[in-house]
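Some notes on the structure that comes next.
Each reported figure results from applying straightforward, stated rules to the coordinates on display, with no laboratory input. Owing to the predicted nature of the structure, the values given are computational and were not obtained by experimental measurement. Every residue, glycine as well, gets a Cβ built from its backbone with ideal geometry; the counts of neighbours run over all protein chains shown.
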Amino acid sequence: MKDILRKRILVTGGAGFIGSHLCERLLAQDHDVICVDNFFTGRKANIAHLIGNPFFEVLRHDVCFPLYVEVDEIYNLACPASPIHYQHDPVQTTKTSVHGAINMLGLAKRTGAKILQASTSEVYGDPTLHPQPESYWGNVNPVGSRACYDEGKRCAETLFFDYRRQYDMPIKVARIFNTYGPRMHPHDGRVVSNFIMQALEGEAITLYGDGSQSRSFCYVDDMVEGLMRLMATGHEVTGPINLGNPGEFTMRELAEQVLALTDSDSRLEQHPLPEDDPKQRQPDTRLANELLGWQATTTLAEGLPRTVEYFRNLLAQVEGK
Ligand code: NAD
Ligand code: UDP
Ligand code: UDP
């Protein structure tokens, strides 16, 4: 019976932070998972525990190039997500979003697979509407240093909706808000991993700007649940749909929580605010609630200690303890 129900599911970016959790959950549900990754920001360590499972397969492949596999569902997550990584080779970032979307949509068209795009709250840019509903068109600088990511993701959304309009394909677009948890890259440059690593290593906490800018942080397990629920919807549900935790914090508040949790005496050190850094961000998640019966249930107070624990163990391994 299991074999009849087993779907062949492709996860691009499957060795990354969110992708590795997604692969794990799909395997736990007895699906056949193909993880495609070029290991730009992903790590083998994220998926090492899955290797050996006969229903898990890893392909080292760049989604900018065509891919021919036979699948029933595609989660398209391949793309560096942290500003330092996506700005490292911005042309490649845009190519990954745009050529990657075209290839994965071409694959979905040929196989008839359902396809889900991991879009982002960055499509809203530095929002002038707060919180952000899906109907908001955003405030993005098209020529700034974040544009390779923001506009790449916006173009990918356009492609998804044009393939839908032209070929009536089963597409799903999730707009993911800041997500955190175990398996974030320790040197990823994102705020949660930076603050925790700095606090654990007794280094100064790098607060960009005055720390009054806000973000809303979603624990990775909640995010994976939201993505899977969106994939399970019928043909009529396409999104775009916000997935995130509406709990909003300033970066200064986050730093204080991390310091308290780690019992660290690291000091706060102010750094210049990066170009086009959004001042505030909070998802309006009413649509996800209504269509998916989904809302994030893990508070920052619950998710942060689990993330600290992960980084503590990672450091202990490095130090050979
Ligand atoms: P991540 O960097 O850990 O994972 C991205 C994965 O994609 C990595 O394993 C990387 O090696 C792989 N990759 C990059 N370019 C590729 C290419 N050309 N071909 C094949 N693989 C490639 O980041 P993440 O946080 O797990 O993000 C996953 C997805 O979710 C991304 O698309 C990201 O834009 C989106 N997202 C994440 C967040 C967040 O807060 N984590 C927020 C919004 C959107
Ligand atoms: N493609 C792919 N795998 C497939 C089918 C298509 O990678 O199984 C790629 C193909 O290389 C093409 C892209 O997807 O460049 C878009 O395919 P589509 O059929 O939409 O366009 P066309 O092939 O007509 O350009
Ligand atoms: N940030 C910070 N210190 C850091 C890294 C990030 O103060 O060491 C700030 C950054 O300026 C932004 C927020 O934290 O306002 C979230 O940054 P991140 O790169 O994690 O995500 P994004 O800006 O893409 O939401």
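In segment 92-184, if the dipole is taken from +1 on Lys/Arg beta carbons and -1 on Asp/Glu beta carbons about the Cα centre, which of CYS155, THR111, GLY100 is farthest to the positive end?
Selected residue: THR111.
Going by how many other Cβ atoms sit within 10 Å of their own, how do TRP294, TRP137 line up, fewest first?
Ranking TRP294, TRP137 by Cβ neighbours within 10 Å, fewest first, gives TRP137, TRP294.
Which value, in nm² and rounded to one decimal, describes the direction-averaged projected area of the C-alpha convex hull of the chain?
16.2 nm²
Using +1 at the Cβ of each Lys and Arg and -1 at the Cβ of each Asp and Glu in segment 238-321, identify which of THR299, PHE249, GLN280 lies farthest towards the dipole's positive end.
THR299
What per residue convex hull volume, in Å³, comes out for segment 87-127 when only alpha-carbon positions are used?
So the per-residue hull volume is 76 Å³.
What's the angle, to the nearest 10 degrees (0 to 90), between helix 17-28's Cα axis and the longest principal axis of the chain?
Between the helix axis and the principal axis of the chain, the angle is about 50 degrees.
What translational diffusion coefficient, in µm²/s and rounded to a whole number, does the Stokes-Einstein relation yield for segment 212-289 at 20 °C and a viscosity of 1.002 mPa s, taking the hydrodynamic radius as the Kirkwood radius over Cα pairs?
Rounded, D is 142 µm²/s.
If each residue of separation counts as 0.36 nm, what is the full-extension length gain between TYR167 and GLN295 once their alpha-carbon separation is subtracted?
That works out to 42.9 nm of additional length.
Can you check what the net charge comes to around MET169, using other residues whose Cβ is under 9 Å from the Cβ of MET169 (Lys, Arg +1; Asp, Glu -1)?
In short, +2.
Tell me what the chain gives for mean residue ellipticity at 222 nm when only DSSP H runs of n ≥ 4 count, each as -39,500 (n - 2.57), the sum divided by the residue total, rounded to 500 deg cm²/dmol.
Calculated mean residue ellipticity at 222 nm is -12000 deg cm²/dmol.
With charges set only on the Cβ (+1 for Lys and Arg, -1 for Asp and Glu), what does the dipole of the chain come to about its Cα centre, in debye to the nearest 20?
Once rounded to the nearest 20, the dipole reads 800 debye.
With no solvent and one equal point scatterer per Cα, compute the Debye intensity ratio I(q)/I(0) for segment 179-321 at 0.09, 0.19, 0.22 Å⁻¹ and report its log10, rounded to two decimals.
With no solvent term, the Cα-only Debye profile gives -0.32, -1.12, -1.34.
With the dipole of the chain worked out from charges on the C-beta (+1 for Lys and Arg, -1 for Asp and Glu) around the Cα centre, which of THR120, LEU261, GLN213 lies farthest toward the positive end?
Farthest towards the positive pole: THR120.
Multiply the residue gap between ALA316 and ARG43 by 0.36 nm, knock off their C-alpha separation, and tell me the result in nm, one decimal place.
96.4 nm
How far apart, in nanometres, would the label points at GLN270 and ASN141 be if each is projected 7 angstrom from Cα along the Cα-to-Cβ direction?
Result for the modelled spin labels: 2.0 nm.
Using only C-alpha positions, report the orientation-averaged shadow area of the convex hull of segment 123-169, nm², one decimal.
Computed as one quarter of the Cα hull surface, the answer is 3.7 nm².
Suppose we keep just the alpha-carbon trace of segment 51-135; what are its Rg and Dmax in angstrom?
So, for segment 51-135, Rg and Dmax equal 15.5, 49 Å respectively.
Tell me the Kirkwood hydrodynamic radius of segment 14-172 in angstroms, computed as one over the mean inverse distance between distinct C-alpha pairs.
Taking the inverse mean of 1/r over all distinct Cα pairs, segment 14-172 comes out at 16.4 Å.
Report the calculated FRET efficiency for ASP263 and SER212 (r = Cβ-Cβ distance, R0 = 22 Å), to the nearest 0.05.
0.30
Using only Cα atoms and rounding to the nearest 10 degrees, what angle (0 to 90) does helix 90-111 make with the longest principal axis of the chain?
Tilt of helix 90-111: around 30 degrees.
Taking segment 2-47 on its own, what percent of its Cα-Cα pair distances exceed 13 Å?
Percentage above 13 Å: 49.
For segment 73-179, give the magnitude of the charge dipole about the Cα centre (Cβ charges: +1 Lys/Arg, -1 Asp/Glu; no others), in debye to the nearest 20.
340 debye
If you fit an axis through the alpha-carbon atoms of helix 147-167 and take the longest principal axis of the Cα set of the chain, what angle between them do you get, 0 to 90°, nearest 10?
The angle comes out at about 20 degrees.
For segment 157-252, what number results from the quotient of the Cα radius of gyration and 2.2 N^0.38 Å?
Its radius of gyration relative to the 2.2 N^0.38 Å reference: 1.39.
Could you tell me the distance between the Cα centroids of segment 155-171 and segment 247-309, to the nearest Å?
Segment 155-171 and segment 247-309 have Cα centres separated by 32 Å.
Given R₀ = 41 Å, FRET efficiency for HIS235-PHE65 by Cβ-Cβ distance, to 0.05?
E(calc), rounded to 0.05, equals 0.90.
How charged is the neighbourhood of LYS44? Take every other residue with its Cβ under 13 Å from the Cβ of LYS44, and add Lys/Arg as +1 and Asp/Glu as -1.
Summing Lys/Arg as +1 and Asp/Glu as -1 gives +2.
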